[in-house]
Structure formats: structure tokens, C-alpha cells
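What follows is a set of notes on a single structure, which appears directly below.
The values are calculated or read from the model by the stated rules, or taken from the named source; none is laboratory data. Here the structure is a predicted model, which is why all the values come from computation and not from measurement. Cβ coordinates were reconstructed from backbone atoms using ideal geometry, including for glycine residues, and neighbour counts include every protein chain displayed. Just the protein is used for accessible areas: all its heavy atoms, side chains included, with ligands, DNA and RNA removed. Shrake-Rupley method; radii C 1.70, N 1.55, O 1.52, S 1.80 Å.
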Amino acid sequence: MIGAFPPLYPDELLVSAWARYERWVRYPHRRALLDELFGHAKMSVKFDLPSRLGEFTASLPPGHPAACVDDLIAQHTLLPYYAAFLPAERQRILRAQL
């Protein structure tokens, strides 16, 4: 579990908050950061539609305002913008992948 995580700015993409956190804690390499945030050190992070959000929210400190996956998807990913151009089934699949 993460001891502290910075609050997310309004309309900030998650990858930006993760980069701020990485700079704040100064990990020696990115694998340590990914392991702490997601419980998996070998993964790629996509800026627009990040995955493993459930693992990320589980690693946040108790009571952190970003602890709801649905809120993160709606406010801190690009899925709401892509959704206007996607069929409902594709939106459902993408949301499940996040």
C-alpha cells in the first residue's frame, strides 16, 4: 500500500499524476514504481486508457479521494471523449479493460 499519494488535479490524466508521484518519491527505476502502484513491475502504461485501475485504487491510502475506479475513468482518462465515437458494446469492453 502507498503511504501517501498526491491529490489529482481537476481533469488531470492519471499518467500525469503517476509521473508527479514518481518524481516525488524518486524511485531508482520505473519497475519499482509500477510494482508499488499496480503490484506488477512488467507492464506498459498507456496515457489515454491506462489499465489495472483496480489494482491502483487498492494500493492507495485509505480515504484517498481517487479510490473509485468509475470516477477515475470518467474524470482522469480519455474514455469519455472516445465514447462519443464508439458503439456501446465497445465502450463496455474498454471500461472493463481499464
The range 21-49 residues that are at negative phi, paired with ones that are in a helix (DSSP H, G or I) and open to solvent by 100 Å² or more (accessible area, probe 1.4 Å) (beta carbon under 7 Å, 6 or more apart): ALA41/ARG31
Enumeration of residues in the range 1-17 that are open to solvent by less than 30 Å² (accessible area, probe 1.4 Å) and part of a loop (DSSP other than H, G, I, E, B): ILE2, PHE5, PRO6, GLU12
Criterion violated by VAL45 - all others in (1) under 12 Å from the mean Cα position of the chain (by Cα); (2) open to solvent by less than 40 Å² (accessible area, probe 1.4 Å) satisfied: (2)
Looking only at the range 58-98, and only at residues there that are at pLDDT 90 or above and among the polar types (S, T, N, Q), the one that is surrounded by the most Cβ atoms within 10 Å (Cβ to Cβ): THR77
Checking ALA84 against (1) within 17 Å of TYR9 (Cα to Cα); (2) free of Cβ contacts under 8 Å to residues at least 12 places away in the same chain, the condition it does not meet: (1)
